[in-house]
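Please read the structure below before turning to the comments.
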Amino acid sequence: MDSPQPILQIHILITGPDRPGILAEALDAIVRHECPVVDIKQFIFNGLLNLSILLESKNPQALEDLQQSLKEYGVEAGMKVVAYPWGPEQRPEALYKYRSVVTLLGQKIGPVALQELTRTLANLDINIIRIEQLDYEDHHVLEIVIGARQVMTHVDILTALLHFKENFDVDIAVQEDTLFHRNKRLIVLDADMTFLQCEVIDELGKLAGVGEPLAAITEKVVHGDIDFTTALKQRVKLLKGLAVSQMEQLYETLPLTPGAEELVRILQHLNYKIAIVSGGFQFFISRLKEKYRLDYGFANQLQIQDGKVTGEVEGEIIDARAKEKILVSLAEQEGFSLQQVVAVGDGANDIHMLARAGLGIAFNAKPIVQQHAQASISTYNLELILYFLGISGEELKELRKAMKPPDS
C-alpha cells in the first residue's frame, strides 16, 4: 500500500508599489496551478504593498511551476516576488507564544532609542512580533507586540526596560496581548493630583488656617509613611469649624488636570463607564460627577453641622482597600471583566486598585506606586491615557470630528 503523499508548503512574498488588482493577478496563477491558500496577510506601508501568501500542495511539481509563474508575473508587473519553502522550522514566532503589548510614549523616539530597546529585548530572548506607530504628530507613540518563550509578567518586562525608560524619557505601558487590550469598558480615576491638579484637603487646610501642618501629613500619605485612615482623621480634625460656604468657593476654583475634560468626552462617546473613587470628600466629588456627567463618584463623607465641618468623618473611610473593593464591585455590577477596567492614580492609596485593574496607570506617581502599575505617565495630561487603550492619533482626530456639534 502506497504511503500518503506529504503536504508541501511555500510562502510567497510579493512587495512593490501598491495599486488595485495585484492580489487578483497573483491568484490567477495560484488558481491555475490548483494550490490551496492556507494563510494570507496583506498591508500597505507608505504606499508599498507587503503581501504574504502561504500555499500548499501534495504535488511538488505544481508548487515548482507556480513559483516560476509568479516570478514571471513579478517581472511583468514590476513587483518583487520571493518564494520560501515552508515548514515548522520556518516558524520561529511559534516558540515565542507568550505575547505582550508594549506601548512607548514620548516626544521623539529616535533610532538610538529604538536601537537600545531592540537590543535590550534581544538580549532577553524576546522576539518582536509586530510594530505599529500610533502617532507621530502631537506625540510619538509606538505599539510593539512582543513574544517570550515563557510567561513574563508586566513587572518582569518593565524591570527589564527600566534603564531604557530612564535614558530616553519615555512612558511605557505593558499589557497582555488579548482581546481586552482594545476592549476596556470602565475607567476608575483618583481625584486629587489625578483628575484634579491639586490636593483638595491641602487647599481646605489653607482656608482653615492650618495649611502647613495639614500639608505635612498629606506628604507622608503620598509617600506611604503613614496609614491613610490615621492621616485622614488627623487632617479632618484640623478642619474643624471650616464653613460650607468656604468649601463652595473652593469648588468653583478647583483646577482640572490638563486633558481631563477631553478624556471624559471621548470615553463617553465610546460608551465607557467613568468613575471617580477618591480618598477626598464627597462634597466635591458629587459636584464633579454631576458637572461632567460621570457614572459614579465615591469619597469620604465630612460631617457637617450648622453649616460647618465638625472635624469628624461619617461612614466607611475610602482607603486603599476600599478603593480596590469599589473597583471590583463596579466591574461586577456592570458585567465587565477586570481585564476591561482601567485604574488611574498617583498615591500609595491607589496601589491596590492599580494592581487589580486590567490596566493600572501610575499618573505622575512616586516609584512605590509605579511598581504596582502596568503603565506610567510622567506628563500632566490625562488625554495620553487614550494611546494606552490602543487609540491612534488618526482615530483621535476622527473622534474629535465626530463629537463636534453640526453647526461648529
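State whether the residues of segment 320-333 include one that is assigned by TED's automatic domain parsing to the domain that holds ASP227, outside any helix (DSSP H, G or I) and in contact with a helix residue (DSSP H, G or I) (Cβ under 9 Å, 6 or more places away or on another chain). Talk me through it step by step, then tell me what you get.
To start, the set of residues in segment 320-333 that are assigned by TED's automatic domain parsing to the domain that holds ASP227 comprises 320-333.
With the extra rule that they be outside any helix (DSSP H, G or I), the set shrinks to none.
Checking segment 320-333: not a single residue is assigned by TED's automatic domain parsing to the domain that holds ASP227, outside any helix (DSSP H, G or I) and in contact with a helix residue (DSSP H, G or I) (Cβ under 9 Å, 6 or more places away or on another chain).
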Point to revise | Residues that are over 14 Å from ILE126 (Cα atoms) and buried (at least 16 other Cβ atoms within 10 Å of the Cβ), drawn from segment 154-173 | key: PHE164, LYS165, PHE168, VAL170, ASP171, ILE172, ALA173
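Within segment 272-304, which residues are assigned to a strand (DSSP E or B) and among the β-branched types (Val, Ile, Thr)?
Taking segment 272-304 as the starting set, the residues that turn out to be assigned to a strand (DSSP E or B) are 273-281, 296-304.
Those that are assigned to a strand (DSSP E or B) and among the β-branched types (Val, Ile, Thr): ILE274, ILE276, VAL277, ILE304.
Look at segment 243-274 and say how many of its residues are touching an Asp or Glu at 6+ places or on another chain (Cβ under 6 Å) and aliphatic (A, V, I, L, M).
Narrowing segment 243-274 to residues touching an Asp or Glu at 6+ places or on another chain (Cβ under 6 Å): 250, 259, 262-263, 273-274.
Now restrict to residues that are aliphatic (A, V, I, L, M): 250, 263, 274.
Summing the residues that are touching an Asp or Glu at 6+ places or on another chain (Cβ under 6 Å) and aliphatic (A, V, I, L, M) in segment 243-274 gives 3.
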Check your understanding: Is at least one residue of segment 296-313 in contact with a strand residue (DSSP E or B) (Cβ under 7 Å, 6 or more places away or on another chain) and within 27 Å of VAL101 (Cβ to Cβ)?
Key -> no
Exercise for review: Could you tell me which residue of segment 1-43 is farthest from VAL82 (Cα to Cα), considering only residues that are of a type in the set (Gly, Ala, Ser) and surrounded by 11 or more Cβ atoms within 10 Å (Cβ to Cβ)?
Suggested key: ALA29
Check your understanding: Mind checking which pairs have a first residue in segment 333-353 that is polar (S, T, N, Q) and a second that is buried (at least 21 other Cβ atoms within 10 Å of the Cβ) and in a loop (DSSP other than H, G, I, E, B), Cβ under 9 Å, 6 or more apart or different chains?
Key -> SER337/GLY358; GLN339/LYS184; GLN339/ALA357; GLN339/GLY358; GLN340/LYS184; GLN340/GLY358; ASN349/ASP190; ASN349/ILE318
Practice item. Looking at (1) of a type in the set (Gly, Ala, Ser); (2) within 19 Å of ASP350 (Cα to Cα); (3) part of a strand (DSSP E or B), find the lone condition where GLY311 falls short. Key: (2)
**Study point:** Unique residue being more than 22 Å from GLN371 (Cβ to Cβ) and either touching a Cys at 6+ places or on another chain (Cβ under 6 Å) or assigned by TED's automatic domain parsing to the domain that holds GLN115 (or both) when the list is ASP138, ASP171
**Key:** ASP138
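Taking LEU105, is it buried (at least 17 other Cβ atoms within 10 Å of the Cβ), touching a strand residue (DSSP E or B) at 6+ places or on another chain (Cβ under 9 Å) and not assigned by TED's automatic domain parsing to the domain that holds ASP18?
Details: buried (at least 17 other Cβ atoms within 10 Å of the Cβ): yes; touching a strand residue (DSSP E or B) at 6+ places or on another chain (Cβ under 9 Å): yes; not assigned by TED's automatic domain parsing to the domain that holds ASP18: yes.
Criteria met by LEU105.
Of THR253, THR230, which residue is closer than 22 Å to GLN197 by Cβ, β-branched (Val, Ile, Thr), surrounded by fewer than 20 Cβ atoms within 10 Å (Cβ to Cβ) and in the same structural domain as GLU290 (by TED's automatic domain parsing)? Walk me through it before giving the result.
Working: THR230 fails: closer than 22 Å to GLN197 by Cβ.
Step by step, each of THR253, THR230 is checked, and only THR253 is closer than 22 Å to GLN197 by Cβ, β-branched (Val, Ile, Thr), surrounded by fewer than 20 Cβ atoms within 10 Å (Cβ to Cβ) and in the same structural domain as GLU290 (by TED's automatic domain parsing).
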Point to revise | Restricting segment 362-372 to residues that are in contact with a helix residue (DSSP H, G or I) (Cβ under 9 Å, 6 or more places away or on another chain) and at pLDDT 95 or above, the residue that is farthest from ALA348 (Cα to Cα) | key: PHE363
Review point. Restricting attention to segment 334-349, which residues are modelled with pLDDT of 95 or more and assigned to a helix (DSSP H, G or I)?
Key: GLU334, LEU338, GLN339, GLN340
Exercise for review: Specify which of the listed residues (ILE129, ILE144) is surrounded by 16 or more Cβ atoms within 10 Å (Cβ to Cβ) and either touching a residue at least 40 places away in the same chain (Cβ under 8 Å) or outside the structural domain of ALA365 (by TED's automatic domain parsing) (or both).
Suggested key: ILE144
Exercise for review: Hey, can you tell me all the residues within segment 159-170 that are touching a strand residue (DSSP E or B) at 6+ places or on another chain (Cβ under 8 Å) and without any contact (Cβ under 8 Å) to a residue 40 or more places away in the chain?
Suggested key: LYS165
Exercise for review: Considering every residue within segment 251-269, establish whether at least one is over 29 Å from VAL341 (Cβ atoms) and assigned to a helix (DSSP H, G or I).
Suggested key: yes
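Being crowded, with 16+ Cβ neighbours inside 10 Å and part of a strand (DSSP E or B) is the filter here, so list the residues in segment 132-141 that pass it. Show your work before the answer.
Going residue by residue through segment 132-141, those that are crowded, with 16+ Cβ neighbours inside 10 Å are 134-135, 139-141.
Answer for segment 132-141, where residues must be crowded, with 16+ Cβ neighbours inside 10 Å and part of a strand (DSSP E or B): LEU134, ASP135, HIS140, VAL141.
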Point to revise | Count of segment 143-160 residues which are within 7 Å of TYR98 (Cα to Cα) and either among the hydrophobic types (A, V, I, L, M, F, W, C) or in a helix (DSSP H, G or I) (or both) | key: 2
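The values are calculated or read from the model by the stated rules, or taken from the named source; none is laboratory data. Predicted, not measured: the structure shown is a model, and the values here were computed from it. Every residue, glycine as well, gets a Cβ built from its backbone with ideal geometry; the counts of neighbours run over all protein chains shown.
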